[in-house]
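Read-outs throughout are calculated quantities, based only on the coordinates presented, and are distinct from any laboratory measurement. Not measured: the values here are computed from a predicted model. We place every Cβ from the backbone using ideal geometry, glycine too, and count neighbours over all the protein chains shown.
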Amino acid sequence: MSDTPTYGVGDASYQAAGGIDGLRRLVDDFYRIMDEWPGAARIRAMHPADLSTSADKLACFLSGWLGGPKLFREKYGSIMLPHAHAPWPIDEQDSAAWLTCMERAIVRQDFAPAFAGYLLTQLRVPAQRIVQVCRHAHGGAGATPAGADASH
């Protein structure tokens, strides 16, 4: 019998990430990288100047998504992740920039290499779905709509 956790089963992924504290560290690094890396300027502009709510929402989402407590639902209500991003014209380049920021943040964590790879692979799925929904909503192009809630 192996001692290696089966990521994606129960709360194994949540535990491998270090619980909510580990996820908050990951998210803090993610947004710090987004702030500092010029390649993320376009996706950074889709966020509010104060990232505290965005960071909390992402950490809470990741908690439930990785098998931990459903903090997003408790705090913010239900979410359909791709549709929540539909107000923005997110394309493949934006998705790649987001994933690059996340990959760089993951590298900064004390995650087991197998979990780090698993997490990045799993994050590609909703990232691609967000692009598909946004492409449909915007016909493949467009600017951020006036009045769009930038607190995601």
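Stretched out fully, how many nm does the piece from His136 to Val107 gain, at 0.36 nm a residue minus the Cα gap? Walk me through the intermediate numbers first.
Details: separation 29, 0.36 × 29 = 10.44 nm, distance 3.28 nm.
Fully extending the segment from His136 to Val107 adds 7.2 nm.
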In degrees from 0 to 90, rounded to the nearest 10, what is the angle of the helix 113-138 Cα long axis to the longest principal axis of the chain? 20 degrees
Tell me what the chain gives for mean residue ellipticity at 222 nm when only DSSP H runs of n ≥ 4 count, each as -39,500 (n - 2.57), the sum divided by the residue total, rounded to 500 deg cm²/dmol. -19000 deg cm²/dmol
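Over region 12-138, what is the relative contact order in percent, taking alpha-carbon pairs closer than 8 angstrom and at least six residues apart? Before the final figure, lay out each step's value.
On the way: 129 pairs, mean separation 42.2, N = 127.
Rounded, it is 33 percent for region 12-138.
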How about region 1-77: which trypsin sites (Lys or Arg not before Pro) there are in a DSSP loop, with at most 16 other Cβ atoms within 10 Å of their Cβ? Lys70
Set the Förster radius R0 to 22 Å, insert the Cβ-Cβ distance between Thr6 and Glu74 as r into 1/(1 + (r/R0)^6), and round the FRET efficiency to 0.05. 0.25
Between 0 and 90 degrees, rounded to the nearest ten: what's the tilt of helix 92-107 against the longest Cα principal axis of the chain? 30 degrees
Dividing the Cα radius of gyration by the Kirkwood radius, what Rg/Rh value follows for region 1-83? 1.04
Return the Cα extents of region 12-138 along principal axes one, two and three, sorted largest first, each rounded to a whole Å. 38, 32, 27
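As a footprinting exposure proxy, order Val125, Val133, Val27, Val107 by other Cβ within 10 Å, with the fewest listed first.
With the fewest neighbours first, Val125, Val133, Val27, Val107 line up as Val125, Val107, Val133, Val27.
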To test your reading of the geometry: what angle, between 0 and 90 degrees and rounded to tens, separates the Cα axis of helix 19-36 from the longest principal axis of the chain? 40 degrees
